[in-house]
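The values are calculated or read from the model by the stated rules, or taken from the named source; none is laboratory data. Not measured: the values here are computed from a predicted model. All Cβ positions, glycine included, derive from the backbone under ideal geometry; neighbour counts span all protein chains shown. The protein model used for the area step is the full one, side chains on, heavy atoms only, and it has no ligands, DNA or RNA in it. Shrake-Rupley method; radii C 1.70, N 1.55, O 1.52, S 1.80 Å.
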Amino acid sequence: MHEIHGNPMAMTKAEQYESLLPQLAALIEHETDWIANFANTAAALRQVFDFFWVGFYVARGQELVLGPFQGTVACTRIAWGKGVCGAAAQHLTTFVVPDVEQFEGHIACSSLSKSEIVVPAVADRQCLWVLDIDSTELNTFDNTDAHYLEQIVTLLVDKHGTYLPTSLST
Ligand code: SME
């Protein structure tokens, strides 16, 4: 059993991500099931940074469907192109939103959420799923978060590829 270590008081945000990355790699190394690894990744990010909400939405047809997450109850389905998640999935690029009220079409799963970052997992010009993180403060996320969260997303894409089965028979 792994424990995630970090010392937020003495570390910059970049140092916290640098410390987390190899721990996450070790955490998912011997587990083959994507649900387990996505769930622990969400937990590790929430544990280290105390984010309000951390989770995944998985592309299923013309929708994004809620996957493993840590935080309050959330919207279960997001139409393609809708909200920050849908926009990131459609445009295949990371969205950093300093103030969600200024983002047209933002989907408020919680009124407490004030800023947000969404990183899409892309393979062959297709969005497979997105990593979504919400904060109760304005301006929480910047290029440092984007840089390291994109590495975490790549780690999971490399491990689990382009197909995330949900059925026991597949
Ligand atoms: N705010 C997101 C919806 C998901 S929740 O934040 C968990 C959006 O606008 O896509």
Return the pairs, sorted by first residue and then second, in which the second residue is open to solvent by 10 Å² or more (accessible area, probe 1.4 Å) and more than 9 Å from the ligand (Cβ to nearest atom), the first residue lies in the stretch 85-98 and is on the phi > 0 side of the Ramachandran plot, the beta carbons are less than 7 Å apart, and the residues are 6+ apart or on different chains. L92/P120; L92/V122; L92/R125; L92/C127
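Kindly provide the set of residues from the stretch 107-133 that are surrounded by fewer than 18 Cβ atoms within 10 Å (Cβ to Cβ) and within 13 Å of the ligand (Cβ to nearest atom), ordered by number. Write out each step before concluding.
Initial filter on the stretch 107-133 (surrounded by fewer than 18 Cβ atoms within 10 Å (Cβ to Cβ)): 107-108, 110-112, 123-126.
Hits for the stretch 107-133 are I107, A108, S110, S111, L112.
Out of all the residues in the stretch 24-33, is one or more within 16 Å of the ligand (Cβ to nearest atom), of a type outside the set (F, W, Y) and open to solvent by 30 Å² or more (accessible area, probe 1.4 Å)? Even if it seems obvious, please write down each step before you answer.
Our first condition is that a residue be within 16 Å of the ligand (Cβ to nearest atom); within the stretch 24-33, this holds for none.
Among the residues of the stretch 24-33, not one is within 16 Å of the ligand (Cβ to nearest atom), of a type outside the set (F, W, Y) and open to solvent by 30 Å² or more (accessible area, probe 1.4 Å), which makes the answer no.
For (1) of a type in the set (V, I, T); (2) modelled with pLDDT of 95 or more; (3) open to solvent by less than 70 Å² (accessible area, probe 1.4 Å), each residue gets a yes or a no:
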site	(1), (2), (3)
N7	no, no, no
P22	no, yes, no
A39	no, yes, yes
A42	no, yes, yes
